[in-house]
Amino acid sequence: MGIINDIELTEYFSLLEFECPCCRRVMLSPDLLARLNHLRMVINKPISVNSGYRCKEENHRVGGVTGSYHLLGMAVDIHVDDFSIFDLLLYAQEMDFTGIGFYEKENFLHLDIRPGKKKVWKGSKLIGY
Ligand SMILES: [Zn+2]
Ligand SMILES: [Zn+2]
């Protein structure tokens, strides 16, 4: 019997990678997946998903903001081994992500596809839009 959510979505990503770690529930926007897959092809390096879908409890546990796009399956936190976080930011900005959080010290990017105006921030500071 297959493991729940063990479903290949693309050549590079499985639904498992996006599930909530506490309850294994998952929501995933096909538009988010398409952009992430595009980013994966362009950088030609494996992308690790630190955080995909979060239920309310999990979002609270990790200190996520209220109304986080992680709750809607519209956000991911990613890192790429042996790849500059600055370069990753540049690539992500060329794709159609509309929310980009840059966490240099922690070495990850938050990417989302929020509706409306684009927003780029570093830690808690807005750096561009
Ligand atoms: Zn959960
Ligand atoms: Zn995030």
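The values are calculated or read from the model by the stated rules, or taken from the named source; none is laboratory data. This is a predicted model, so every value here is computed, not measured. As a convention, Cβ positions derive from the backbone with ideal geometry for all residues, glycine included, and neighbour counts pool all protein chains shown. The protein model used for the area step is the full one, side chains on, heavy atoms only, and it has no ligands, DNA or RNA in it. Shrake-Rupley method; radii C 1.70, N 1.55, O 1.52, S 1.80 Å.
Just to verify a result, which residue in segment 48-86, among those that are of a type in the set (Ser, Thr, Tyr) and within 15 Å of ligand 1 (Cβ to nearest atom), is farthest from Ile113 (Cα to Cα)? Show your work before the answer.
Taking segment 48-86 and keeping what is of a type in the set (Ser, Thr, Tyr), we get 48, 51, 53, 66, 68-69, 84.
Filter again for within 15 Å of ligand 1 (Cβ to nearest atom), leaving 51, 53, 68.
On the way: Ser51: 15, Tyr53: 13, Ser68: 11 Å.
Going through the qualifying residues, I end up with Ser51.
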**Fill in**
Across segment 104-113, the tally of residues that are surrounded by fewer than 16 Cβ atoms within 10 Å (Cβ to Cβ) and either in contact (Cβ under 8 Å) with a residue 40 or more places away in the chain or on the phi < 0 side of the Ramachandran plot (or both) stands at 3
**Prompt:** Does Val120 fit the bill of being more than 16 Å from ligand 1 (Cβ to nearest atom) and under 23 Å from Arg24 (Cα atoms)?
**Reply:** no
**Check on Asn5, touching a Ser or Thr at 6+ places or on another chain (Cβ under 9 Å) and in contact (Cβ under 8 Å) with a residue 24 or more places away in the chain** = no
**Request:** Just name the residue that is nearest to His110 (Cα to Cα) out of those in segment 48-62 that are open to solvent by 60 Å² or more (accessible area, probe 1.4 Å) and over 13 Å from the mean Cα position of the chain (by Cα).
**Result:** Val62
**Request:** Return yes when Arg114 is of a type in the set (Lys, Arg), modelled with pLDDT of 95 or more, farther than 19 Å from Pro21 by Cα and outside any helix (DSSP H, G or I) and no when it is not.
**Result:** yes
**Message:** Just the residues that are crowded, with 18+ Cβ neighbours inside 10 Å and not small (Gly, Ala, Ser), please, taken from segment 63-86.
**Reply:** Tyr69, His70, Leu71, Met74, Val76, Asp77, Ile78, Val80
**Residue check, Asp96 within 20 Å of Phe13 (Cβ to Cβ) and modelled with pLDDT of 95 or more** = no
**Message:** Restricting to segment 16-47, count the residues that are surrounded by 12 or more Cβ atoms within 10 Å (Cβ to Cβ), within 13 Å of the chain's Cα centre (by Cα), free of Cβ contacts under 8 Å to residues at least 40 places away in the same chain and more than 8 Å from ligand 1 (Cβ to nearest atom).
**Reply:** 7
